[in-house]
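Down below is the structure, laid out as structure tokens.
Read the figures in this text as sums done on the coordinates, not as results from a lab. Keep in mind the model is a prediction, meaning the values are calculated, not measured. Glycine also receives a Cβ, built like all others from the backbone with ideal geometry; neighbour counts cover every protein chain displayed.
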Amino acid sequence: MALPRSKPQNDNRERILEAAIALMNEHGGAVGTSQIANHLGISPGNLYYHFRNREAIMRELFLRLTDELTQVLRTAEQDDITADYLASCFTGGARVLWRYRFFFAVDFIRRDEALAESYRALSHKCKAYMHIIIRGALRRAPGRCSATPDECERLAENMWVLWISWPRYTEIDGNHSTVREADIWRGLEQIAFLLSPYLAEDYFAQIARRLREHA
């Protein structure tokens, strides 16, 4: 009789990361390694075999956040920014931020200088991509208001700030203990609204329609 195959060690590593995401989204940044191990029904030693401490888990998760968000926003100057393309950037980015929302709803990044430095790099990269996307959209479908390159850069920064601060805002304003998915999609509509004066009405209507389909 064939013996049952043991699961690869990488499976446990993935389970630890997924458990950390779930627990931190539910309980916030106070979640520690013992809670993650208890949640999975594994020994602390098993967890420490894969991650030496909580900070190592956080850094790994932040790398994944960076990779996933960069894949969504990565745009070249020559890319055609259609309404569907812009809407997909909004919705794809929202899904990533929803998955890793604990990073932006709880203030613990700056407790780890390496993580804080990674956050600054991500912020810079995302604002640069958003700047390219905005300029491309305005070239393709200019609206009633125009914007200089400098103003496009400011719009990109405003959008990024609104994007990452929305979870905390909705927790306080809505008096929730946790951020709900519906709150994220409402925030997405607010972010898109920043561009409405600068885009042609029919182009922006297509974007709004796409966002409502995902809400």
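Identify the residues of region 186-215 with backbone N under 16 Å of a label point that sits 7 angstrom from the Cα of residue 169 along the Cα-to-Cβ direction, or state none.
It comes to 186-196, nothing else.
Give the dimensionless ratio obtained when the Cα radius of gyration of region 8-52 is divided by 2.2 N^0.38 Å.
Numbers: Rg = 9.8 Å, N = 45, 2.2 N^0.38 = 9.3 Å.
Cα-based Rg divided by the globular estimate yields 1.04.
Which angle from 0 to 90°, rounded to the nearest 10, does the C-alpha axis of helix 9-27 make with the longest principal axis of the chain?
Once rounded, the angle reads 60 degrees.
Between residue 77 and residue 48, how high is the FRET efficiency from 1/(1 + (r/R0)^6) when r is the Cβ-Cβ distance and R₀ = 41 Å? Nearest 0.05. If you can, show how the numbers build up before the last one.
Details: r = 46 Å, r/R0 = 1.12.
The computed FRET efficiency comes out at 0.35.
Fully extended, how many nm does the chain gain between residue 146 and residue 161 (0.36 nm per residue separation, minus their Cα-Cα distance)?
Values: separation 15, 0.36 × 15 = 5.40 nm, distance 2.18 nm.
Length difference between fully extended and current span is 3.2 nm.
Spin-label point model (7 Å from Cα, Cβ direction): what's the residue 55 to residue 67 distance in nm?
Label-label distance for residue 55 and residue 67, simple model: 2.3 nm.
For region 34-81, how big is the tail of P(r) above 14 Å, as a whole percent of Cα pairs?
Numbers: 724 of 1128 pairs.
Of the Cα pairs, 64 percent sit more than 14 Å apart.
How compact and how long is region 55-103, expressed as Rg and Dmax of its alpha-carbon atoms in Å?
Calculated on Cα positions, Rg and Dmax stand at 12.8, 40 Å.
Quick one: plug the Kirkwood hydrodynamic radius of region 55-214 (C-alpha pairs) into Stokes-Einstein at 10 °C, 1.306 mPa s, and report D in µm²/s.
Estimated via Stokes-Einstein, D reaches 98 µm²/s.
Which angle from 0 to 90°, rounded to the nearest 10, does the C-alpha axis of helix 181-193 make with the longest principal axis of the chain?
Here the helix axis deviates by roughly 30 degrees.
Work out how much length residue 35 to residue 117 would gain on full extension: take 0.36 nm times their residue separation and subtract the Cα-Cα distance, in nm to one decimal.
Numbers: separation 82, 0.36 × 82 = 29.52 nm, distance 2.68 nm.
The residue 35-residue 117 span can extend by a further 26.8 nm.
Using helices alone, I'd like the mean residue ellipticity at 222 nm for the chain: each DSSP H run of four-plus residues gives -39500 (n - 2.57), total over residue count, nearest 500. The partial results should precede the final answer.
Numbers: 10 runs with 155 residues, N = 215.
Here the helix-only value at 222 nm equals -24000 deg cm²/dmol.
Could you state the angle between the C-alpha long axis of helix 149-173 and the longest principal axis of the C-alpha atoms of the chain, as a value from 0 to 90 degrees rounded to the nearest 10?
50
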